[in-house]
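What follows is a short report on a single structure.
The values are calculated or read from the model by the stated rules, or taken from the named source; none is laboratory data. All values derive from a computational prediction rather than experimental measurement. Positions of Cβ are generated from backbone atoms using ideal geometry, with glycine treated the same way; all protein chains shown enter the neighbour counts. Heads up: the accessible areas ignore ligands, DNA and RNA and are worked out on the full protein's heavy atoms, side chains in. Shrake-Rupley method; radii C 1.70, N 1.55, O 1.52, S 1.80 Å.
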Amino acid sequence: MKEDKNREIENRSGAGRTRLEFNDPRLFRELLGQHDEHIKIIQRSLGVKIHIRGTVMEIEGDAIEIELSASVIKQLHGLLEKGYPVYGSDVDYAIRILSGDGRANLQDIFLDTIYISSHKRVITPKSVAQKAYIDAIRRYDIVFGIGPAGTGKTYLAMSMAVAELMKNNYVRIILTRPAVEAGEKLGFLPGDLAEKVNPYLRPLYDALHDMVDFDRARKLVERGTIEVAPLAFMRGRTLNDSFVILDEAQNTTPEQMKMFLTRLGYGSKAVITGDVTQIDLPAGKPSGLKEAWRILKDVEGIRFITFTERDVARHRLVQDIITAYERDEVQTGGNNKGLPEKPAT
(Lines give C-alpha, C1' and ligand atoms only; values in the text may rest on other atoms or scores of the structure.)
Protein backbone atom coordinates (compact mmCIF):
# COMPACT_ATOMS: atom_id res chain seq x y z
CA MET A 1 0.00 0.00 0.00
CA LYS A 2 1.41 3.39 -0.98
CA GLU A 3 2.45 5.60 1.90
CA ASP A 4 0.76 8.71 0.46
CA LYS A 5 -2.49 6.78 -0.01
CA ASN A 6 -2.87 5.25 3.40
CA ARG A 7 -0.93 5.58 6.62
CA GLU A 8 -1.31 4.03 10.01
CA ILE A 9 -1.42 6.64 12.79
CA GLU A 10 0.26 5.41 15.93
CA ASN A 11 -1.86 4.65 18.98
CA ARG A 12 -3.06 7.92 20.54
CA SER A 13 -5.23 6.50 23.29
CA GLY A 14 -3.13 3.78 24.88
CA ALA A 15 -3.32 0.01 24.32
CA GLY A 16 -6.17 -1.50 22.40
CA ARG A 17 -6.80 1.16 19.76
CA THR A 18 -5.39 1.81 16.29
CA ARG A 19 -6.37 4.34 13.62
CA LEU A 20 -6.12 3.93 9.87
CA GLU A 21 -6.62 6.90 7.56
CA PHE A 22 -7.41 6.69 3.83
CA ASN A 23 -7.25 9.49 1.27
CA ASP A 24 -9.39 8.09 -1.57
CA PRO A 25 -13.12 8.29 -0.63
CA ARG A 26 -14.20 6.05 -3.55
CA LEU A 27 -11.82 3.22 -2.63
CA PHE A 28 -12.73 3.68 1.03
CA ARG A 29 -16.42 3.10 0.24
CA GLU A 30 -15.50 -0.05 -1.68
CA LEU A 31 -13.36 -1.17 1.25
CA LEU A 32 -16.28 -0.81 3.65
CA GLY A 33 -18.60 -2.82 1.38
CA GLN A 34 -22.31 -2.33 0.82
CA HIS A 35 -23.94 -1.32 4.13
CA ASP A 36 -20.48 -1.76 5.74
CA GLU A 37 -20.70 -5.51 5.06
CA HIS A 38 -16.93 -5.99 4.90
CA ILE A 39 -16.34 -4.25 8.22
CA LYS A 40 -19.11 -6.28 9.87
CA ILE A 41 -17.44 -9.50 8.71
CA ILE A 42 -14.11 -8.42 10.24
CA GLN A 43 -15.77 -7.40 13.51
CA ARG A 44 -17.71 -10.66 13.74
CA SER A 45 -14.76 -12.87 12.81
CA LEU A 46 -12.03 -11.19 14.86
CA GLY A 47 -13.97 -9.78 17.79
CA VAL A 48 -12.92 -6.15 17.32
CA LYS A 49 -14.93 -2.94 17.20
CA ILE A 50 -14.39 -0.68 14.20
CA HIS A 51 -15.53 2.95 14.23
CA ILE A 52 -15.82 4.93 10.98
CA ARG A 53 -15.51 8.72 10.83
CA GLY A 54 -15.17 10.15 7.35
CA THR A 55 -12.29 8.24 5.78
CA VAL A 56 -10.74 7.37 9.14
CA MET A 57 -11.13 3.92 10.63
CA GLU A 58 -10.49 3.25 14.31
CA ILE A 59 -10.02 -0.36 15.46
CA GLU A 60 -10.58 -1.22 19.12
CA GLY A 61 -10.01 -4.54 20.91
CA ASP A 62 -7.34 -7.06 21.84
CA ALA A 63 -3.86 -6.13 20.58
CA ILE A 64 -3.40 -9.32 18.52
CA GLU A 65 -6.83 -9.05 16.89
CA ILE A 66 -6.24 -5.34 16.20
CA GLU A 67 -2.99 -6.11 14.43
CA LEU A 68 -4.63 -8.85 12.34
CA SER A 69 -7.64 -6.65 11.52
CA ALA A 70 -5.38 -3.80 10.42
CA SER A 71 -3.38 -6.15 8.22
CA VAL A 72 -6.54 -7.52 6.61
CA ILE A 73 -7.91 -4.03 5.98
CA LYS A 74 -4.67 -2.63 4.56
CA GLN A 75 -4.12 -5.61 2.28
CA LEU A 76 -7.71 -5.48 1.03
CA HIS A 77 -7.21 -1.79 0.30
CA GLY A 78 -4.07 -2.70 -1.64
CA LEU A 79 -6.14 -5.11 -3.76
CA LEU A 80 -8.65 -2.35 -4.48
CA GLU A 81 -5.80 -0.07 -5.56
CA LYS A 82 -4.79 -2.72 -8.08
CA GLY A 83 -8.32 -2.81 -9.49
CA TYR A 84 -9.36 -6.09 -7.85
CA PRO A 85 -13.07 -6.06 -6.89
CA VAL A 86 -13.37 -7.12 -3.24
CA TYR A 87 -16.49 -9.06 -2.20
CA GLY A 88 -17.64 -10.30 1.18
CA SER A 89 -16.28 -13.77 0.43
CA ASP A 90 -12.86 -12.22 -0.25
CA VAL A 91 -12.89 -10.66 3.21
CA ASP A 92 -13.56 -14.12 4.68
CA TYR A 93 -10.70 -15.61 2.64
CA ALA A 94 -8.36 -12.78 3.64
CA ILE A 95 -9.07 -13.34 7.34
CA ARG A 96 -8.45 -17.09 6.99
CA ILE A 97 -5.21 -16.58 5.06
CA LEU A 98 -3.70 -13.95 7.35
CA SER A 99 -4.87 -15.78 10.50
CA GLY A 100 -2.86 -18.79 9.36
CA ASP A 101 0.14 -16.87 8.01
CA GLY A 102 0.57 -13.23 8.97
CA ARG A 103 3.34 -12.85 6.37
CA ALA A 104 1.11 -13.88 3.44
CA ASN A 105 0.65 -11.35 0.64
CA LEU A 106 -2.94 -11.27 -0.62
CA GLN A 107 -1.87 -9.71 -3.92
CA ASP A 108 0.34 -12.71 -4.71
CA ILE A 109 -2.70 -14.95 -4.25
CA PHE A 110 -5.77 -13.02 -5.40
CA LEU A 111 -4.17 -11.37 -8.43
CA ASP A 112 -3.06 -14.70 -9.92
CA THR A 113 -5.75 -14.91 -12.61
CA ILE A 114 -6.30 -18.46 -13.85
CA TYR A 115 -9.23 -18.02 -16.20
CA ILE A 116 -12.17 -15.75 -16.96
CA SER A 117 -15.31 -17.89 -17.02
CA SER A 118 -18.23 -17.71 -19.43
CA HIS A 119 -19.98 -15.61 -16.78
CA LYS A 120 -17.11 -13.08 -16.99
CA ARG A 121 -16.06 -14.02 -13.48
CA VAL A 122 -12.33 -14.09 -12.83
CA ILE A 123 -11.21 -17.39 -11.32
CA THR A 124 -8.31 -16.99 -8.89
CA PRO A 125 -6.92 -18.94 -5.92
CA LYS A 126 -8.40 -17.98 -2.55
CA SER A 127 -5.91 -19.46 -0.09
CA VAL A 128 -2.20 -20.17 0.30
CA ALA A 129 -2.78 -23.86 -0.45
CA GLN A 130 -4.82 -23.05 -3.57
CA LYS A 131 -2.00 -20.80 -4.80
CA ALA A 132 0.54 -23.60 -4.18
CA TYR A 133 -1.78 -26.01 -6.02
CA ILE A 134 -2.03 -23.76 -9.09
CA ASP A 135 1.74 -23.23 -9.13
CA ALA A 136 2.27 -27.01 -8.87
CA ILE A 137 -0.08 -27.67 -11.81
CA ARG A 138 1.92 -25.17 -13.87
CA ARG A 139 5.25 -26.78 -12.99
CA TYR A 140 4.59 -30.54 -12.68
CA ASP A 141 3.08 -33.11 -15.02
CA ILE A 142 1.39 -35.09 -12.23
CA VAL A 143 -0.21 -33.29 -9.30
CA PHE A 144 -2.33 -34.72 -6.48
CA GLY A 145 -4.77 -32.41 -4.67
CA ILE A 146 -5.94 -34.02 -1.43
CA GLY A 147 -8.37 -32.48 1.04
CA PRO A 148 -12.00 -31.96 2.07
CA ALA A 149 -14.87 -31.00 -0.21
CA GLY A 150 -15.21 -27.34 -1.08
CA THR A 151 -11.49 -26.55 -1.18
CA GLY A 152 -11.48 -25.97 -4.95
CA LYS A 153 -9.41 -29.01 -5.90
CA THR A 154 -11.45 -30.03 -8.94
CA TYR A 155 -12.75 -26.58 -9.85
CA LEU A 156 -9.29 -25.00 -10.00
CA ALA A 157 -7.89 -27.97 -11.94
CA MET A 158 -10.69 -27.64 -14.48
CA SER A 159 -10.10 -23.88 -14.72
CA MET A 160 -6.45 -24.55 -15.49
CA ALA A 161 -7.40 -27.23 -18.03
CA VAL A 162 -9.85 -24.97 -19.89
CA ALA A 163 -7.37 -22.07 -19.87
CA GLU A 164 -4.61 -24.29 -21.28
CA LEU A 165 -6.95 -25.69 -23.94
CA MET A 166 -7.90 -22.18 -25.04
CA LYS A 167 -4.18 -21.37 -25.38
CA ASN A 168 -3.80 -24.51 -27.58
CA ASN A 169 -1.27 -25.99 -25.16
CA TYR A 170 -3.23 -29.27 -25.16
CA VAL A 171 -5.29 -31.02 -27.81
CA ARG A 172 -8.03 -32.16 -25.44
CA ILE A 173 -9.27 -32.31 -21.88
CA ILE A 174 -10.28 -35.59 -20.29
CA LEU A 175 -12.40 -35.50 -17.14
CA THR A 176 -12.92 -38.79 -15.37
CA ARG A 177 -13.99 -40.24 -12.06
CA PRO A 178 -14.77 -43.72 -10.70
CA ALA A 179 -18.47 -44.62 -10.73
CA VAL A 180 -18.59 -45.50 -7.04
CA GLU A 181 -20.82 -43.53 -4.69
CA ALA A 182 -21.87 -44.31 -1.14
CA GLY A 183 -22.41 -48.02 -1.73
CA GLU A 184 -24.79 -47.61 -4.68
CA LYS A 185 -24.49 -50.13 -7.49
CA LEU A 186 -24.68 -49.18 -11.16
CA GLY A 187 -26.71 -52.30 -11.90
CA PHE A 188 -29.63 -50.99 -9.88
CA LEU A 189 -29.89 -47.83 -11.96
CA PRO A 190 -32.20 -47.76 -15.01
CA GLY A 191 -31.00 -47.33 -18.60
CA ASP A 192 -27.92 -48.26 -20.62
CA LEU A 193 -24.34 -47.83 -19.41
CA ALA A 194 -24.11 -44.16 -20.45
CA GLU A 195 -27.33 -43.38 -18.57
CA LYS A 196 -26.11 -45.30 -15.54
CA VAL A 197 -22.80 -43.45 -15.20
CA ASN A 198 -24.08 -39.97 -16.14
CA PRO A 199 -25.24 -39.07 -12.57
CA TYR A 200 -21.72 -39.78 -11.33
CA LEU A 201 -20.21 -37.46 -13.95
CA ARG A 202 -22.76 -34.68 -13.41
CA PRO A 203 -20.52 -32.63 -11.05
CA LEU A 204 -17.84 -32.50 -13.75
CA TYR A 205 -20.35 -31.26 -16.32
CA ASP A 206 -21.65 -28.67 -13.86
CA ALA A 207 -18.16 -27.27 -13.26
CA LEU A 208 -17.43 -27.29 -17.00
CA HIS A 209 -20.59 -25.33 -17.80
CA ASP A 210 -19.63 -22.77 -15.16
CA MET A 211 -16.49 -22.00 -17.17
CA VAL A 212 -17.63 -22.42 -20.78
CA ASP A 213 -21.09 -21.47 -22.04
CA PHE A 214 -23.40 -24.43 -22.61
CA ASP A 215 -23.44 -24.42 -26.43
CA ARG A 216 -19.68 -24.15 -26.71
CA ALA A 217 -19.17 -26.88 -24.12
CA ARG A 218 -21.60 -29.14 -25.99
CA LYS A 219 -19.71 -28.64 -29.27
CA LEU A 220 -16.37 -29.33 -27.58
CA VAL A 221 -17.77 -32.54 -26.08
CA GLU A 222 -19.32 -33.62 -29.40
CA ARG A 223 -15.97 -33.15 -31.18
CA GLY A 224 -14.13 -35.06 -28.46
CA THR A 225 -12.05 -32.00 -27.53
CA ILE A 226 -13.48 -32.38 -24.04
CA GLU A 227 -14.24 -35.91 -22.92
CA VAL A 228 -16.15 -36.74 -19.75
CA ALA A 229 -16.07 -40.45 -19.00
CA PRO A 230 -15.97 -42.96 -16.15
CA LEU A 231 -12.55 -44.20 -15.14
CA ALA A 232 -13.19 -47.68 -16.54
CA PHE A 233 -13.14 -46.16 -20.05
CA MET A 234 -9.46 -45.23 -19.61
CA ARG A 235 -8.23 -48.84 -19.64
CA GLY A 236 -6.03 -49.71 -22.62
CA ARG A 237 -5.64 -46.13 -23.80
CA THR A 238 -2.59 -43.89 -24.13
CA LEU A 239 -3.40 -40.26 -23.46
CA ASN A 240 -1.12 -37.95 -25.47
CA ASP A 241 -1.23 -34.13 -25.53
CA SER A 242 -4.07 -34.21 -23.01
CA PHE A 243 -4.90 -32.42 -19.77
CA VAL A 244 -6.41 -35.22 -17.69
CA ILE A 245 -8.30 -34.79 -14.41
CA LEU A 246 -9.20 -37.72 -12.18
CA ASP A 247 -11.83 -36.62 -9.67
CA GLU A 248 -12.98 -38.47 -6.51
CA ALA A 249 -9.78 -40.50 -6.66
CA GLN A 250 -10.25 -41.78 -3.09
CA ASN A 251 -12.78 -44.20 -4.60
CA THR A 252 -10.29 -45.83 -6.95
CA THR A 253 -8.81 -49.21 -6.11
CA PRO A 254 -4.99 -49.50 -6.15
CA GLU A 255 -5.28 -51.32 -9.49
CA GLN A 256 -7.40 -48.56 -11.01
CA MET A 257 -5.04 -45.86 -9.80
CA LYS A 258 -2.01 -47.63 -11.26
CA MET A 259 -3.92 -48.16 -14.52
CA PHE A 260 -4.79 -44.46 -14.70
CA LEU A 261 -1.32 -43.16 -13.91
CA THR A 262 0.27 -45.40 -16.53
CA ARG A 263 -2.09 -44.07 -19.27
CA LEU A 264 -0.27 -40.74 -19.37
CA GLY A 265 1.45 -40.19 -22.70
CA TYR A 266 3.75 -37.58 -24.24
CA GLY A 267 2.85 -33.94 -23.76
CA SER A 268 0.18 -34.69 -21.17
CA LYS A 269 -0.57 -33.50 -17.66
CA ALA A 270 -2.61 -35.26 -14.97
CA VAL A 271 -4.29 -33.79 -11.90
CA ILE A 272 -5.71 -36.24 -9.37
CA THR A 273 -8.11 -34.97 -6.71
CA GLY A 274 -9.75 -36.64 -3.74
CA ASP A 275 -10.68 -36.63 -0.07
CA VAL A 276 -9.23 -39.54 1.88
CA THR A 277 -11.81 -39.03 4.65
CA GLN A 278 -14.72 -39.74 2.26
CA ILE A 279 -13.98 -43.19 0.87
CA ASP A 280 -17.05 -45.03 -0.46
CA LEU A 281 -15.34 -48.29 -1.43
CA PRO A 282 -16.67 -51.53 0.08
CA ALA A 283 -15.31 -52.40 3.51
CA GLY A 284 -11.86 -53.91 3.32
CA LYS A 285 -11.06 -52.43 -0.09
CA PRO A 286 -7.96 -50.18 0.08
CA SER A 287 -8.07 -46.76 -1.54
CA GLY A 288 -5.87 -46.26 -4.59
CA LEU A 289 -5.40 -42.60 -3.63
CA LYS A 290 -4.07 -43.42 -0.17
CA GLU A 291 -1.76 -46.07 -1.61
CA ALA A 292 -0.47 -43.72 -4.32
CA TRP A 293 0.24 -41.09 -1.68
CA ARG A 294 2.34 -43.60 0.25
CA ILE A 295 4.18 -45.02 -2.76
CA LEU A 296 4.74 -41.87 -4.85
CA LYS A 297 5.25 -39.12 -2.28
CA ASP A 298 9.03 -39.03 -2.86
CA VAL A 299 9.02 -39.48 -6.64
CA GLU A 300 10.64 -36.51 -8.36
CA GLY A 301 8.29 -34.79 -10.81
CA ILE A 302 5.13 -35.63 -8.85
CA ARG A 303 3.69 -33.08 -6.44
CA PHE A 304 1.22 -33.61 -3.59
CA ILE A 305 -0.75 -30.60 -2.29
CA THR A 306 -2.89 -31.04 0.81
CA PHE A 307 -5.84 -28.85 1.76
CA THR A 308 -7.51 -28.31 5.14
CA GLU A 309 -10.77 -26.80 6.33
CA ARG A 310 -9.06 -23.37 6.13
CA ASP A 311 -9.11 -23.70 2.34
CA VAL A 312 -12.85 -24.32 2.04
CA ALA A 313 -14.19 -21.87 -0.54
CA ARG A 314 -17.88 -22.23 0.30
CA HIS A 315 -20.20 -20.73 2.91
CA ARG A 316 -18.21 -19.84 6.04
CA LEU A 317 -20.21 -22.42 8.05
CA VAL A 318 -18.84 -25.24 5.86
CA GLN A 319 -15.40 -24.72 7.42
CA ASP A 320 -16.92 -25.01 10.92
CA ILE A 321 -18.91 -28.11 9.92
CA ILE A 322 -15.78 -29.88 8.63
CA THR A 323 -13.88 -28.99 11.80
CA ALA A 324 -16.74 -30.26 14.00
CA TYR A 325 -16.89 -33.59 12.15
CA GLU A 326 -13.12 -34.02 12.35
CA ARG A 327 -13.20 -33.30 16.09
CA ASP A 328 -15.98 -35.85 16.57
CA GLU A 329 -14.03 -38.42 14.55
CA VAL A 330 -11.04 -38.00 16.88
CA GLN A 331 -13.18 -38.16 20.03
CA THR A 332 -15.38 -41.11 19.07
CA GLY A 333 -13.35 -42.95 16.46
CA GLY A 334 -16.33 -42.54 14.14
CA ASN A 335 -18.40 -45.00 16.18
CA ASN A 336 -20.76 -42.58 17.91
CA LYS A 337 -24.09 -43.06 16.15
CA GLY A 338 -26.35 -41.76 18.88
CA LEU A 339 -27.88 -38.39 19.61
CA PRO A 340 -26.19 -35.82 21.86
CA GLU A 341 -26.85 -36.32 25.56
CA LYS A 342 -28.72 -33.00 25.70
CA PRO A 343 -30.22 -32.21 22.30
CA ALA A 344 -30.34 -28.52 21.49
CA THR A 345 -33.75 -26.91 21.86
**Request:** Only residues that are among the charged types (D, E, K, R), within 19 Å of residue 306 (Cβ to Cβ) and part of a helix (DSSP H, G or I): list them for the range 233-290, please.
**Result:** 290
**Message:** So in the range 86-129, with the set limited to residues that are charged (D, E, K, R) and at pLDDT below 90, which one is nearest to residue 30 (Cα to Cα)?
**Reply:** 121
**Message:** If I filter the range 44-60 for residues that are within 29 Å of residue 149 (Cβ to Cβ) and hydrophobic (A, V, I, L, M, F, W, C), do I get at least one hit?
**Reply:** yes
**Asked** Taking residue 238, is it under 29 Å from residue 96 (Cα atoms) and surrounded by fewer than 19 Cβ atoms within 10 Å (Cβ to Cβ)?
**Response** no
**Complete:** Here the residues within the range 296-331 that are farther than 25 Å from residue 131 by Cα and open to solvent by 70 Å² or more (accessible area, probe 1.4 Å) are 325, 327, 329, 330, 331
**Asked** Are any residues in the range 97-122 open to solvent by less than 10 Å² (accessible area, probe 1.4 Å) and over 16 Å from residue 76 (Cα atoms), and if so, which ones?
**Response** 117
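Given the structure, is residue 202 in a helix (DSSP H, G or I) and either in contact with a Cys (Cβ under 8 Å, 6 or more places away or on another chain) or open to solvent by 10 Å² or more (accessible area, probe 1.4 Å) (or both)?
So residue 202 passes the test.
Being under 18 Å from residue 278 (Cβ atoms), touching a Ser or Thr at 6+ places or on another chain (Cβ under 7 Å) and at pLDDT below 85 narrows it down to one of 330, 312, so name that one.
Values: 330 fails: touching a Ser or Thr at 6+ places or on another chain (Cβ under 7 Å).
The conditions single out 312.
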**Item:** Breaking point among (1) open to solvent by less than 40 Å² (accessible area, probe 1.4 Å); (2) within 22 Å of residue 313 (Cβ to Cβ); (3) not charged (D, E, K, R), for residue 66
**Value:** (2)
**Item:** Qualifying positions in the range 260-295 - under 16 Å from residue 149 (Cβ atoms), open to solvent by 30 Å² or more (accessible area, probe 1.4 Å) and out of contact with any Ser or Thr (no Cβ under 8 Å at 6 or more places or on another chain)
**Value:** 277, 278, 280
**Prompt:** Is there a residue being surrounded by fewer than 19 Cβ atoms within 10 Å (Cβ to Cβ), closer than 22 Å to residue 215 by Cα and β-branched (Val, Ile, Thr) anywhere in the range 123-138?
**Reply:** no
**Item:** Selection within the range 130-170 - modelled with pLDDT of 95 or more, more than 20 Å from residue 293 (Cβ to Cβ) and touching a Ser or Thr at 6+ places or on another chain (Cβ under 8 Å)
**Value:** 170
**Asked** Taking residue 78, is it surrounded by fewer than 16 Cβ atoms within 10 Å (Cβ to Cβ) and more than 19 Å from residue 153 (Cα to Cα)?
**Response** no
